[in-house]
Amino acid sequence: MKRERMIKIIISILLMIFFLFLRTHPEYYSKLTNAAIIRTILSLLILLISIRTIIEITIVYTIVGKEMNKNRTRDNILVGLKNLYTIIVVLSIFLVILSLMGLDLKQVFTSLSIVAAAIAIVTKEFIAEIIIGIINGFSSKIEIDDIVEYNDQKGKIVELGLQKITLLTEDDEVLYVANSKFYNADIVNYTKRNIRSMSVDFQMDINKIRSVEELEKKLILACQPMEHYLVPDSYNLKLLKVSKDVIDFKFQYVLKEVRKEIHRQVRRIVLRTVANIVTK
C-alpha cells in the first residue's frame, strides 16, 4: 500500500512538472484555435494535482510515522484533507466552466449575489452538513474506529463523510447519520476512556428479581466460559433506572484485548441468561 502511494506521488509530480512546463511555455500551443481553453485546463490540472500530491504525501508520512511509533497524526486529518479536496475540485471545475464560457468571474459573482444569497438560504441545511463534515474531519472528539453510542445505538465509526457519518452497530448493521444530527446529539465515546471496557444494557421485570446481588452472581457465573478473555474481578452490575414495573441494568466488564467477536459472545450470554430468568 505504501509502495503504491509512492508510485502515485512520483507519477503526480512528473505530471505536474509536465503541465507546468506547458503552462509556462505557451508557444507550444499559442497558435492553436483553443489556446485559451488549453491554458485554463492546464491551470486546473496543476492545481488539482498539486493538492492531491500534498494529500498523498501526508498519508504516506502518517503510515510511516505509525510504523515507527513516532507520528501521532490522526486519520481524521486525512479525512478532513480529502473532504476539502472534494470541495476544491467541485468549485474549481465550476469556475473553469464559467471561464470557458467566456464569462467574467467578477461580473458573474456581482450579478448573481442576490441569487446566490437566495440559493444559500434554500440549501442552508445541505451546506451546513458539508461544513460540519469538514469540522468532523479535523475534530479530536470523534475519530474513525471510535466506539460510540448514538440514540441508544452503540457502534464503531467507519466513515466520516461530507454529509453523513457511517456507524457499524454491534449487530453488524450499517447506520447512516446526518452530520448535523450527530453533531447536535449527546454522544458517548467509549474509545476516549478505555476501549477494553464493555457493557451490556438490559431491562428486567421487577417481579423477576430476587436481589441485585443474586442476579450479578448469575451473570458472572454465566460468563465463566469466557473468563480467559475477560479481566478477573472487572464485572459490575450497575443500576441505571428503577421504575414501578421494571429496572434498567448495565452489566460491565473489561476485555483483556479488544476483540469484537468476544464482546458479541459475552453480550449474547448475558442477554440469554436474563431471558432465561425472566421466562421462568
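The values are calculated or read from the model by the stated rules, or taken from the named source; none is laboratory data. The structure presented is a predicted model; accordingly, all values stated were derived computationally and were not measured. A quick note on method: Cβ atoms are made from the backbone with ideal geometry, for glycine too, and the neighbour counts reach across all protein chains shown.
Below, the figures for the structure above:
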read-out	value
Region 19-61, subset aromatic (Phe, Trp, Tyr) and more than 36 Å from the chain's Cα centre (by Cα), residue modelled with the highest pLDDT	Phe21
Ser139 at pLDDT 85 or above and either within 24 Å of Leu237 (Cα to Cα) or among the polar types (S, T, N, Q) (or both)	no
Region 217-244, subset surrounded by 15 or more Cβ atoms within 10 Å (Cβ to Cβ) and free of Cβ contacts under 8 Å to residues at least 24 places away in the same chain, residue farthest from Ser197 (Cα to Cα)	Ile220
Matching residues, region 232-280, being touching a strand residue (DSSP E or B) at 6+ places or on another chain (Cβ under 7 Å) and among the small types (Gly, Ala, Ser)	Ser234
Helices (runs of 4 or more DSSP H) wholly inside region 179-280 containing at least 1 residues that are β-branched (Val, Ile, Thr)	212-222, 260-279
In region 161-176, the residues that are more than 27 Å from Phe249 (Cα to Cα) and out of contact with any Ser or Thr (no Cβ under 8 Å at 6 or more places or on another chain)	Gly161, Gln163, Lys164, Ile165, Thr166
Among residues of region 245-268, those that are crowded, with 17+ Cβ neighbours inside 10 Å and under 18 Å from Lys217 (Cβ atoms), counted	5
